[in-house]
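What follows draws every value from the coordinates through simple rules; no lab data is involved. As the structure is a computational prediction, the values presented were derived from the model and not from experiment. As a convention, Cβ positions derive from the backbone with ideal geometry for all residues, glycine included, and neighbour counts pool all protein chains shown.
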Ligand code: HEM
């Protein structure tokens, strides 16, 4: 089901406010890494400046995929497979922590933050998260 236009506008406006603050994704990764050693280990060898750029792009891609954009759906599919058990092995419950941390960060960075904005982000991000979780057991040998 496509996300309604009202929700999409609320999400896009909030995303623009967040992304105009250079602290947005730094704060997100700081908080995320503090949560547990499992998460810290996953990012042990990661260039976090590069990671912020790809996360920025993939948040926009999830929004476009939720609107049926074919290129964005293919991109979401490729990152879902990369995060699957056979590759990065990102367990499904880590996505719930990821979203909670993202929403905590949005609530700090977006000066207009309210319940409607919270709901709009969750609706859009959950579109991507549900798909990523559904691919956890993806096995290239069987496909
Ligand atoms: C919807 C949620 C998420 C999105 C949109 C997302 C997006 C991405 C993207 C775009 C990349 C880079 C892919 C590439 O290099 O081609 C990436 C890499 C990665 N992600 Fe995620 N991710 C999500 C959730 C998570 C979670 C929950 C974890 C848990 C720790 C995680 C851990 C990683 C790791 C370890 C890498 C590899 C970093 C490296 O290259 O060293 N991701 N993610």
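What does the C-alpha gyration tensor say about the overall shape of the chain? Classify as rounded when a/c is under 1.5, otherwise prolate if a/b is larger than b/c, or oblate. Provide the component values of the computation, followed by the final result.
Numbers: a/c = 1.87, a/b = 1.19, b/c = 1.57.
Oblate, since a/c reaches 1.5 and b/c is not below a/b.
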Q) What is the spin-label model distance, in nm, from residue 49 to residue 111 if the labels are put 7 Å beyond Cα along the C-beta direction? A) 2.8 nm
Q | Ranked list, fewest to most other Cβ atoms within 10 Å of each Cβ, for 40, 17 | A | 40, 17
Q.
Run the simple label-point estimate for residue 2 and residue 137 please: 7 Å along Cα→C-beta, distance reported in nm.
A. 3.3 nm
(Q) Cut-off is 10 Å between beta-carbons; in what order do 107, 78 appear when sorted fewest neighbours first? (A) 78, 107
Q. What is the order of 26, 20, fewest Cβ neighbours within 10 Å to most?
A. 20, 26
Q. How many nm is it between the label spots at residue 34 and residue 85, if each spot is 7 Å from the Cα in line with the beta carbon?
A. 3.3 nm
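Efficiency by 1/(1 + (r/R0)^6): what FRET value for residue 23 and residue 77, r their Cβ-Cβ distance, R0 = 25 Å, to the nearest 0.05?
On the way: r = 31 Å, r/R0 = 1.24.
Computed FRET efficiency for residue 23 and residue 77: 0.20.
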**Q.** Stretchable slack from residue 93 to residue 41, in nm (0.36 nm times residue separation minus alpha-carbon distance)
**A.** 17.1 nm
